[in-house]
Structure formats: structure tokens, C-alpha cells
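Quick note: the coordinates plus some simple rules give every number you see, no bench work behind them. Because the structure is predicted, anything quoted here is derived from the model rather than measured. Using ideal geometry, Cβ is built from the backbone for each residue, glycine included, and neighbour counts are taken over all protein chains shown.
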């Protein structure tokens, strides 16, 4: 096994949330923005979209970083089979949370690890499914939450690692880090399969 700090590790993302999560495992990595079109294909399910984009991001960055181990990840928020994106504005965030009130949103968080050290780079993939059950929220609660936390860059318009946790009845997940954007349990498993020791 090779130690994590002995490889060229690249995160195919500019997300600060994913960067902070990966830093829990090691400080020794680089971030590279993947040039990937993230538009869904016709009739593509939220789970399939997350998996396709995670792999595409890892492949795009891996092609330009031979000799590296490249991590790609993507997440979709799924309400009744429809993708909920990042709100971008306060008004949209309020509307998103109102639509989630009293309902369950499914988050598909996919991860792909490309071993670009090999002459034929191979990909290891995994996907986590997290179900977030929202409380029934009133308009004032939603407005106060959005004003305090400004979750405009988050799918579903909340930050579960912050005040957003107060919006839920419960969360069903195998990996609490998946909901933040990078499933670390799955990542550790994929790295071990590539012969890389995390601890």
C-alpha cells in the first residue's frame, strides 16, 4: 500500500465544501477545475446525472494530469424525480425550501476516482443515496433561515453542516459527509482498492 501523502492527489472541483471535506483526510492535494458541461441529458434521471458528471469530471482532469489520482464528484437533489439545482437568489431559495416543506428530498452523491498513473487509466466509482425528510416549514422560518445562512450555492438551499439541520425531521444516510458533497467513506474504500492507504 502507498500512503496518501506519497501520491499526486487531485480534486476535480473548485467547491470549497468538497475541498474542506477532502482536507479531513489529507492536506496534500491540488484542486483543478473540470471543464465539463453539466447540463442533464434528455430523460436522464437525477442519479444517472450525478454518476455521469462525477466520472466526466474525473476523466477531464485526469487527461491533463497523467500520473495523478483524480477525484471527481457530483451531487443532485431529487424531488419527485426532478432535479433541484442551486438557487442562486434569495427568492429562489425561499421557493425551493417551500417546495421541500413536509416532504422528502433524495440526494444522489456520486464519486469517481481515476488512476491516471496507469497507461490505461481506470475508474473506480460509487454512489451514495441520502434521504432528507423536511419538517413542515412556515414562510417566516424559511425567510429567517435564508437570511441567516445565505445557502444560495447549495442544491436544495440549505447547509446541513450549519443551521440547515434545524429544518429536518430526520436524515437517512450511510455516510453523513455525502450530503455535504463528497462521500468520504466511499472515497476511502475506492482509494484502498487502488492500493492507497488513507490511515
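So the values come out like this:
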{"read-out": "Of residues in the stretch 108-122 being part of a strand (DSSP E or B) and touching a helix residue (DSSP H, G or I) at 6+ places or on another chain (Cβ under 6 Å), the one nearest to residue 66 (Cα to Cα)", "value": "114"}
{"read-out": "Residues satisfying the stated conditions in the stretch 177-195, i.e. more than 15 Å from residue 19 (Cα to Cα) and either touching a helix residue (DSSP H, G or I) at 6+ places or on another chain (Cβ under 6 Å) or in a loop (DSSP other than H, G, I, E, B) (or both)", "value": "194, 195"}
{"read-out": "Filter result for residue 161 (out of contact with any helix residue (DSSP H, G or I) (no Cβ under 6 Å at 6 or more places or on another chain) and either under 18 Å from residue 73 (Cβ atoms) or surrounded by fewer than 16 Cβ atoms within 10 Å (Cβ to Cβ) (or both))", "value": "no"}
{"read-out": "Matching residues, the stretch 125-142, being assigned to a helix (DSSP H, G or I) and either surrounded by fewer than 16 Cβ atoms within 10 Å (Cβ to Cβ) or without any contact (Cβ under 8 Å) to a residue 40 or more places away in the chain (or both)", "value": "139, 140, 141"}
